[in-house]
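Below is one structure, written out as structure tokens; comments come after it.
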Amino acid sequence: MSIQTKYIQIATPAAVQDQELLEAAQIIRDGGLVAFPTETVYGLGANALDEKAAKKIYEAKGRPSDNPLIAHISCYEELEPLVTKIPQAGGKLARRYWPGPLTMVFPKSPAVPYGTTGGLDTVAVRMPSDPVASRLIALAGVPVAAPSANLSGRPSPTTARHVWQDMNGRINMILDGGPVGIGLESTIVDVSGPVPVLLRPGAITLEMLRDTVGKVDVDPAIQGPPAEGLRPKAPGMKYRHYAPRGELTLVEGESRAVVSAIRRLVEEGLAEGRKVAVICTEETRDQYSGGILRCVGTRTRQETIAHNLFAVLRELDDLGAEIIYSESFSQDHLGRAVMNRLMKAAGYRVIQV
Ligand code: AMP
Ligand code: MG
């Protein structure tokens with residue numbers, strides 16, 4: 001089922017011209033699939049109100065269809081038709097952080113088909129700030145359901161080249177707006193109940209959410225593997241995610257102990273003739289030798305690590321890394337989101353030293 005995938009380079013993403021987006025908007029209105037940049041990761045867009053279009057997203061990604069999609073809007077007025085009510089916390093957070101990397105879960109209105117929400121009575125909505133994403137949604141004239149534009153289970157795409165690797169021949173169009181800014185998927189917070197619940201950490205941090213609305217609970221599935229038989233609040237949480245093909249293990253502990261443990265593990269792997277890789281930071285890169293070494297960023301600026309993480313995981317796939325050891329990160333602010341993705345990518349394999 002191969003289709004021709006058209007590749008469009010946006011000349012100046014920050015000042016995108018409507019002309020560059022008209023065909024993409026038409027494809028979405030006609031029920032087709034367009035991948036586009038957002039400030040978080042590349043999204044795979046379709047008309048969120050068209051169940052058949054949503055179904056195509058699941059097919060293109062190879063994604064289980066009980067995993068709901070986020071509906072993307074271009075202005076606040078587009079929220080109202082999608083939801084039955086806008087709880088106070090939702091309104092406050094929208095005013096403070098929209099447009100931006102924050103998704104909120106609301107009770108859904110009948111306009112949103114169950115094919116988009118994975119059968120749930122709630123709908124997740126986000127208003128992206130990226131100019132290409134925002135203008136495309138406005139021109140499409142419909143809310144745009146857009147999960148990350150990767151094959152299910154693979155690391156999310158942060159460049160159009162990543163999207164091409166996964167989606168060429170499966171979707172109608174890719175809009176190349178250059179590398180994304182943040183590099184991790186949006187924060188998700190459920191505002192449909194009495195107390196907001198963080199379902200997925202992202203660039204709008206728990207600290208920022210609490211600063212705006214006070215009490216915010218954290219879904220237990222963020223911290224560790226979902227308990228057997230428990231139905232997670234964000235259905236996406238139950239699936240293996242973001243994973244490289246190699247076997248990733250996190251090493252946690254005091255910095256010098258982590259480095260020496262990883263050095264020893266690399267030597268063991270190499271002695272067994274395995275292709276071994278290390279994910280390190282600017283602070284430690286000089287302390288390793290042997291194996292494939294990739295620096296993910298600097299600990300003094302968490303946003304560099306968020307920005308590079310998925311690209312590094314994909315690069316290690318391309319290089320055929322069989323065993324990967326990664327340093328760990330502090331779990332405050334953006335670090336919570338980084339560690340959430342790394343833990344999932346590692347299937348929660350952690351060595352404490
Ligand atoms: P992705 O589209 O790849 O960024 O993943 C979307 C995430 O949003 C998944 O983890 C979904 O489970 C979550 N999500 C979407 N809609 C809802 C909803 N109505 N309630 C809870 N989680 C949702
Ligand atoms: Mg995804």
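Restricting the range 1-93 to trypsin sites (Lys or Arg not before Pro) that sit in a DSSP loop and have at most 15 other Cβ atoms within 10 Å of their own Cβ leaves Lys85. When the chain is described by a simple charge dipole with +1 on each Lys and Arg Cβ and -1 on each Asp and Glu Cβ, the residue from Gln223, Thr187, Ala35 located farthest towards its positive end is Gln223.
Angle of helix 334-345 to the longest C-alpha principal axis of the chain, folded into 0 to 90 degrees and rounded to 10: 80°. Straight Cα distances below 20 angstrom link Lys6 to the lysines Lys56, Lys61, with same-chain residues fewer than 8 positions distant left out. Of the residues Thr84, Thr304, Thr117, the one with the fewest other Cβ atoms within 10 Å heads the list, and the complete ranking is Thr84, Thr304, Thr117. Seen against the Cα atoms of the chain and their longest principal axis, helix 51-61 is set at about 20 degrees. Normalising the average separation of contacting C-alpha pairs (under 8 angstrom, six or more residues apart) by the number of residues puts the relative contact order of the range 3-51 at 23 percent.
Residue exposure proxy: Ser134, Ser326, ordered by other Cβ atoms within 10 angstrom of their Cβ from fewest to most, comes out as Ser134, Ser326.
Order of Arg336, Arg135 from fewest to most other C-beta atoms within 10 Å?
Fewest-to-most ranking of Arg336, Arg135: Arg135, Arg336.
Note that the range 297-308 has calculated 3J(HN,Hα) couplings of x, 10, 5, 6, 9, 3, 5, 5, 5, 4, 4, 9 Hz, one per residue in order, obtained from phi through the Karplus relation 6.51 cos²θ - 1.76 cosθ + 1.60 (θ = phi - 60°); glycine and proline are x.
Backbone amide hydrogens, once placed in the peptide plane, bring Val123 within less than 5 Å of Phe106, Lys108, excluding anything fewer than 5 places away on its chain. Take every DSSP beta bridge whose two residues both sit in the range 53-184; close to 75 percent of them are antiparallel. FRET efficiency for the pair Leu319 and Cys75, taken as 1/(1 + (r/R0)^6) with r the Cβ-Cβ distance and R0 = 41 Å, rounds to 0.45.
Listed values for the range 97-114 are Karplus-derived 3J(HN,Hα) couplings in whole Hz (6.51 cos²θ - 1.76 cosθ + 1.60, θ = phi - 60°), namely 10, 9, x, x, x, 10, 9, 10, 9, 10, x, 7, 8, x, 5, 8, x, 4, and x replaces Gly and Pro.
Computed from the alpha carbon atoms alone, the convex hull of the chain holds 138 Å³ per residue.
Only Lys, Arg, Asp and Glu carry charge here, each on its Cβ (+1 for the first two, -1 for the last two); on that basis the range 63-119 has a dipole of about 220 debye about its Cα centre. Within the shell of other residues whose beta carbon sits under 15 angstrom from the beta carbon of Ile292, the net charge comes to 0, with Lys and Arg scored +1 and Asp and Glu -1. For the pair Glu282 and Gln17, the difference between a 0.36 nm per residue extended length and the Cα-Cα distance amounts to 91.6 nm.
What does the charge add up to near Ile10, with Lys and Arg as +1, Asp and Glu as -1, over the other residues with Cβ less than 14 Å from its Cβ?
Local charge sum for Ile10: -3.
The amide H of Val16, built 1.01 Å from its N in the peptide plane, has no neighbour under 5 Å, considering only residues 5 or more places off or on other chains. For the chain, the antiparallel share of DSSP beta bridges with both residues in that region comes to about 35%. For the range 22-96, relative contact order (Cα pairs under 8 Å, six or more residues apart, normalised by length) works out to 16 percent. Database remark: amide H of Arg299 closer than 5 angstrom to the amide H of Glu282, Glu283 (H placed geometrically; neighbours at sequence offset of 5 or more, or on other chains; Pro and chain starts carry no H).
Classified by the C-alpha gyration tensor, the range 13-95 has an oblate form. Its axis ratio a/c, with a ≥ b ≥ c, is 1.5 or above, and a/b does not exceed b/c. Using the Cβ-Cβ distance between Glu247 and Lys55 with R0 = 35 Å, the FRET efficiency computed as 1/(1 + (r/R0)^6) comes to roughly 0.55. Taking GluC sites (Glu not before Pro) as exposed when their DSSP state is a loop state and no more than 12 other Cβ atoms lie within 10 Å, the longest site-free interval of the chain runs over 1-227. Applying the Karplus relation 6.51 cos²θ - 1.76 cosθ + 1.60 with θ = phi - 60° to the range 255-272 yields 3J(HN,Hα) values of 3, 5, 5, 5, 4, 5, 5, 5, 4, 5, 5, 5, 4, 4, x, 5, 4, 7 Hz, where x marks Gly and Pro.
Once C-alpha pairs closer than 8 Å and six or more residues apart are averaged by separation and normalised to the residue number of the range 41-170, the relative contact order reads 39 percent.
Charge dipole (Cα centre; +1 on Lys/Arg Cβ, -1 on Asp/Glu Cβ; no other charges) of the range 116-173 amounts to roughly 160 debye.
None of the figures in this text is laboratory data; all of them are computed from the coordinates on show. Just so you know, these numbers come straight off a predicted model, no measurement behind them. Glycine also receives a Cβ, built like all others from the backbone with ideal geometry; neighbour counts cover every protein chain displayed.
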